[in-house]
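The structure appears below as structure tokens.
No value in this document is a laboratory result; all are computed from the given coordinates. Computed from a predicted model, the values in this text were never measured in an experiment. FYI the Cβ positions are ideal-geometry reconstructions off the backbone, even for glycines, and counts take in every protein chain you see.
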Amino acid sequence: MRVAVIGLGSMGKRRIRLIHKYREAFQIVGIDTNKERRKSCEDEYGIQTFNTLTDAIDAFNVECVFVCTSPLSHSKIISECLNHRLHVFTELNLVDDGYEENIILAKQNNCVLFMSSTFLYREEIKKIKNLTQEINSIINYTYHIGQYLPDWHPWESYKDFFVGNKRSNGCREIFAIELPWLIDVFGEISKIDVVKSKISNLNIDYNDNYLVIIQHKDGHKGSLAVDVISRKAVRNLEVFGEDIYIHWDGSPTGLYTYDFETKEDVNIKLYEEIDQLNNYSSFVVENAYLNEVVSFFEAVIEGKTPAYTFQKDKDVLKIIDRIED
């Protein structure tokens, strides 16, 4: 398989590393207009890099691509790839620019159009879903996700990458990460109520914190707190009801249930090996990123159906639009 990774920043490098880990035999090239990024990937991964997709196709006969550029650039890149009849894996888009056209184009050209939703591939999320489905009662949850925006990419200013843009802002990205799995676990959303504001001194033109009450069609309810102002990176989930209590701190070793009889928290161990990078917070787990890479190639090679689609993402983006309005 001949793979091109477009965008050689932190996510592009992650995908290169994980594709190598999945199948060393796969041939990978990088594409980026930034010469320093290309040189860095050439040195670190021993791959060939190009300035444009056209150059890579002419020299390398690419079969599929990973789109790892900033979200607002994705639509045109995806369209170009599909017009070349290339299978596409894309990171979060955060906006639905070109969705209808690219969905149709992918079908016409018999291409896989794969939408990333990493948390659907987390073992903790799969376990939480299983536990909630084992009981036959209505449950509630509280969930806080927050991290101070300047800490997202400590190596660069938050004004210099996509979270500085109102259309692809930091809170919007958190919602785009979390809502797909919340809907998958607790069901479709029937109603939302929102309180939001900007309370920090960050140099941004969007709300930096949200409190959202979510009602699901099956009767489950949740309170969701999302922000880019928490000085401690936090992901804290509690799921509770008459027949269940779950707590998760976002880390791969931090999932607990409560034993009603012994009155003790019970840790649930899900990983034989945990793959994490030192420059990310404790709840960023490489295993899930690898799992969705595998899922993409299974869709391309074996025709398997992905867990998440552009249509599902379009529906989620509409909910985020309602939250932001």
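Measure off 7 Å from each Cα along the Cα-to-Cβ vector at Gln133 and Trp152, then give the distance between these two points in nanometres to one decimal. Inter-label distance under the simple model: 3.2 nm.
Evaluated at q = 0.14, 0.19 Å⁻¹, the base-10 log of the normalised Debye intensity for the stretch 121-255, with identical point scatterers placed on the Cα atoms, takes the values -0.67, -1.11. For chymotrypsin sites (Phe, Trp or Tyr not before Pro), the sites in the stretch 124-206 that DSSP calls loop and that have at most 11 other Cβ atoms within 10 Å are Trp155. Taking the average, over residues, of other Cβ atoms within 10 Å as the packing measure, peptides 64-74, 29-39 rank 64-74, 29-39 from highest down. Compute the angle between helix 123-133 and the longest alpha-carbon principal axis of the chain, please, reported from 0 to 90 degrees and rounded to the nearest 10. That works out to roughly 40 degrees.
Count the net charge of all other residues whose Cβ sits under 10 Å from the Cβ of Leu92, scoring Lys and Arg as +1 and Asp and Glu as -1. It works out to a net charge of -2. For a paramagnetic label modelled on Glu261 (point 7 Å from Cα along Cα→Cβ), amide N atoms under 18 Å away belong, within the stretch 120-154, to 135. For the Cα atoms of the chain, what angle does the longest principal axis make with the long axis of helix 286-302, in degrees from 0 to 90, nearest 10? Tilt relative to the chain: about 60 degrees. Semi-axes of the equivalent ellipsoid for the chain, computed as √(5λ) from the eigenvalues of its C-alpha gyration tensor and ordered from largest down, come to 34, 22, 20 Å. Exceeding 21 Å between C-alpha atoms, which entries from my cross-link table qualify? They are Lys221/Lys263; Lys129/Lys196; Lys196/Lys221; Lys191/Lys221; Lys126/Lys232; Lys107/Lys314. Beyond 21 Å between Cα atoms: Lys221/Lys263; Lys129/Lys196; Lys126/Lys232.
Measuring spread by the Cα atoms of the stretch 88-192 yields a radius of gyration and Dmax of 17.0, 48 Å.
Placing a pseudo-label 7 Å from each Cα along the Cα-to-Cβ vector at Gln27 and Lys191 gives an inter-label distance of 5.9 nm. Projected onto planes of every orientation and averaged, the convex hull of the alpha-carbon atoms in the stretch 175-236 covers 4.7 nm².
I'd like the distance separating the alpha-carbon centroids of the stretch 195-244 and the stretch 60-131, in whole Å. Rounded to whole Å, the Cα centres lie 27 Å apart. Full extension of the chain between Thr142 and Ser10 yields a length gain of 44.5 nm, computed as 0.36 nm times the residue separation minus the alpha carbon distance. The length gained on full extension between Thr309 and Lys221, counted as 0.36 nm times the residue separation minus their Cα-Cα distance, comes to 29.2 nm. Indicate the gyration tensor shape class of the stretch 127-180 (rounded, prolate or oblate), computed on the Cα atoms with a ≥ b ≥ c the square roots of the eigenvalues: a/c under 1.5 is rounded; otherwise a/b larger than b/c is prolate and the rest oblate. Judged from the Cα gyration tensor, the stretch 127-180 comes out prolate (a/c at least 1.5, a/b above b/c). Listed by chain and number, the aspartates and glutamates whose C-alpha is less than 14 Å from the C-alpha of Lys269, apart from same-chain residues fewer than 8 away, are Glu123, Glu124, Asp249.
How charged is the neighbourhood of Asn61? Take every other residue with its Cβ under 13 Å from the Cβ of Asn61, and add Lys/Arg as +1 and Asp/Glu as -1. That works out to -1.
Looking at the stretch 199-303, the trypsin sites (Lys or Arg not before Pro) that sit in a DSSP loop and have at most 16 other Cβ atoms within 10 Å of their own Cβ are Lys217, Arg231, Lys232, Lys263, Lys269.
Every Cα-Cα pair of the stretch 2-115 was included, and the share exceeding 20 Å stands at 35 percent. Would you tally the net charge around Phe26, using a Cβ to Cβ cut-off of less than 14 Å, leaving Phe26 out, and scoring K and R as +1, D and E as -1? Value of the local net charge: +2. Backbone phi angles across the stretch 315-325, fed through the Karplus curve with coefficients 6.51, -1.76 and 1.60 (θ = phi - 60°), yield HN-Hα couplings of 5, 5, 5, 5, 5, 5, 4, 5, 5, 6, 4 Hz in residue order; Gly and Pro are listed as x.
On full extension, the segment bounded by Glu36 and Asp249 gains 73.0 nm, given 0.36 nm per residue less the C-alpha separation. Of the beta bridges in the chain, as assigned by DSSP with both residues counted there, near 55 percent are antiparallel.
Summed over qualifying helices (DSSP H, 4 residues or more, each -39500 (n - 2.57)) and divided by its residue number, the chain shows a 222 nm mean residue ellipticity of -11000 deg cm²/dmol.
Cut-off 20 Å, label point 7 angstrom out along Cα-to-Cβ of Asn51: give me the residues of the stretch 16-41 whose amide nitrogen falls inside. Only 29-41 pass the distance filter. In a DSSP loop and with at most 16 other Cβ atoms within 10 Å, the GluC sites (Glu not before Pro) in the stretch 76-137 are Glu134. Relative to the longest principal axis of the Cα atoms of the chain, the long axis of helix 74-83 lies at roughly 50 degrees.
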